[in-house]
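First the structure, in the form of structure tokens, and then the observations on it.
The values are calculated or read from the model by the stated rules, or taken from the named source; none is laboratory data. The structure presented is a predicted model; accordingly, all values stated were derived computationally and were not measured. Counting neighbours? That spans all protein chains shown, and the Cβs are built from the backbone with ideal geometry, glycine included. Heads up: the accessible areas ignore ligands, DNA and RNA and are worked out on the full protein's heavy atoms, side chains in. Shrake-Rupley method; radii C 1.70, N 1.55, O 1.52, S 1.80 Å.
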Amino acid sequence: MALDYTVSKLIGTAPGTWRTSKSIGGFITETVLDAESVKGMPEGWARHVIFLKPRTFMNFSGGPVVRAIRELGVAPSDIIVLHDDLQRKLAAVSVKTAGSASGHNGLKSMIASLKSDDFQRIRIGIDRPASKDPGDVGDYVLQRFRDAEIEKLKSDGYPTSHKALLQLIKASKGMAS
């Protein structure tokens, strides 16, 4: 949902915004951000940005990410991953550069597949259930957000994650995805 928010802000939501890539195993869209589309950037600044939504369960997202970087010629260090985070309050956003998966199975899959943890992450808080039982945590992560939670994410989390993503793209030396 955070990625859809960002893509809609940057390139709109017209039909065909996302295209299926069977060779990668996901949905892709791309755009060029330049000084006209990103405030505060000098004339001549531009970044080609590719967004990927793997079609697999999050826990197996490493395969499509590896296929994407090979097919698109992207270095792992140029990847920016938006993901949910149990360690943060609902809609709280933080940025992390490299490091462990902190128990996140999707990140574990990416780190194992990439054979590297050298990529940036934008962590979007989803809170944590009171119980630390792995079954309860798994059920919590897979359940749908309540209406009030969706509103909190839309009003606070997604705009903040969008700003964080733009900051990381602005600071990047080349391609970001």
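Being in contact with a helix residue (DSSP H, G or I) (Cβ under 9 Å, 6 or more places away or on another chain), surrounded by fewer than 13 Cβ atoms within 10 Å (Cβ to Cβ) and closer than 23 Å to residue 173 by Cβ is the filter here, so list the residues in segment 98-144 that pass it.
Result: 115, single match.
Tell me which residues, restricted to segment 4-14, are in contact (Cβ under 8 Å) with a residue 24 or more places away in the chain and either open to solvent by less than 30 Å² (accessible area, probe 1.4 Å) or in contact with an Asp or Glu (Cβ under 9 Å, 6 or more places away or on another chain) (or both). Lay out the reasoning, then the answer.
Step one: filter segment 4-14 for residues in contact (Cβ under 8 Å) with a residue 24 or more places away in the chain, giving 5-7, 9-10.
Residues satisfying the conditions are 6, 7.
Does residue 20 satisfy being within 21 Å of residue 61 (Cα to Cα) and in contact with a helix residue (DSSP H, G or I) (Cβ under 8 Å, 6 or more places away or on another chain)? So that I can check it myself, show each step before the final result.
Details: within 21 Å of residue 61 (Cα to Cα): yes; in contact with a helix residue (DSSP H, G or I) (Cβ under 8 Å, 6 or more places away or on another chain): no.
So residue 20 does not fit the description; no.
Kindly provide the set of residues from segment 82-114 that are in contact with a Lys or Arg (Cβ under 6 Å, 6 or more places away or on another chain) and over 15 Å from residue 158 (Cβ atoms), ordered by number.
If the condition is that a residue be in contact with a Lys or Arg (Cβ under 6 Å, 6 or more places away or on another chain) and over 15 Å from residue 158 (Cβ atoms), then 86, 96, 101 are the ones that fit.
Can you tell me how many residues in segment 145-170 are under 30 Å from residue 44 (Cα atoms) and open to solvent by less than 80 Å² (accessible area, probe 1.4 Å)?
Here is the first cut: in segment 145-170, the residues under 30 Å from residue 44 (Cα atoms) are 158-170.
Cutting the leftovers down to open to solvent by less than 80 Å² (accessible area, probe 1.4 Å) gives us 158-162, 164-166, 168-170.
Qualifying residue count for the region: 11.
Output the number of residues of segment 46-60 satisfying the condition of being in contact (Cβ under 8 Å) with a residue 12 or more places away in the chain and either hydrophobic (A, V, I, L, M, F, W, C) or over 19 Å from residue 110 (Cα atoms) (or both). Even if it seems obvious, please write down each step before you answer.
The initial filter retains those residues of segment 46-60 that are in contact (Cβ under 8 Å) with a residue 12 or more places away in the chain, namely 46-56, 58-60.
Among the residues that remain, those that are also either hydrophobic (A, V, I, L, M, F, W, C) or over 19 Å from residue 110 (Cα atoms) (or both) are: 46-52, 58, 60.
Number of matching residues: 9.
From the residues in segment 15-30 that are open to solvent by 30 Å² or more (accessible area, probe 1.4 Å) and outside any loop (DSSP other than H, G, I, E, B), which one is farthest from residue 166 (Cα to Cα)?
Among residues in segment 15-30 that are open to solvent by 30 Å² or more (accessible area, probe 1.4 Å) and outside any loop (DSSP other than H, G, I, E, B), the one farthest from residue 166 (Cα to Cα) is 20.
Which of the following residues is on the phi < 0 side of the Ramachandran plot and touching a His at 6+ places or on another chain (Cβ under 7 Å): 9, 53? Spell out how you get there, then give the answer.
On the way: 53 fails: touching a His at 6+ places or on another chain (Cβ under 7 Å).
Among 9, 53, only 9 is on the phi < 0 side of the Ramachandran plot and touching a His at 6+ places or on another chain (Cβ under 7 Å).
When segment 56-97 is examined, which residues are found to be basic (Lys, Arg) and either assigned to a loop (DSSP other than H, G, I, E, B) or in contact with a helix residue (DSSP H, G or I) (Cβ under 6 Å, 6 or more places away or on another chain) (or both)?
Residues of segment 56-97 that are basic (Lys, Arg), as a first pass: 67, 70, 88-89, 96.
Answer for segment 56-97, where residues must be basic (Lys, Arg) and either assigned to a loop (DSSP other than H, G, I, E, B) or in contact with a helix residue (DSSP H, G or I) (Cβ under 6 Å, 6 or more places away or on another chain) (or both): 88, 89.
Please state which one of 81, 38, 66 is surrounded by 14 or more Cβ atoms within 10 Å (Cβ to Cβ) and either modelled with pLDDT under 90 or over 21 Å from residue 121 (Cα atoms) (or both). Spell out how you get there, then give the answer.
Details: 81 fails: either modelled with pLDDT under 90 or over 21 Å from residue 121 (Cα atoms) (or both); 66 fails: either modelled with pLDDT under 90 or over 21 Å from residue 121 (Cα atoms) (or both).
Every option except 38 fails the conditions.
Could you list all residues from segment 42-62 that are open to solvent by less than 50 Å² (accessible area, probe 1.4 Å) and farther than 23 Å from residue 17 by Cβ?
45, 62
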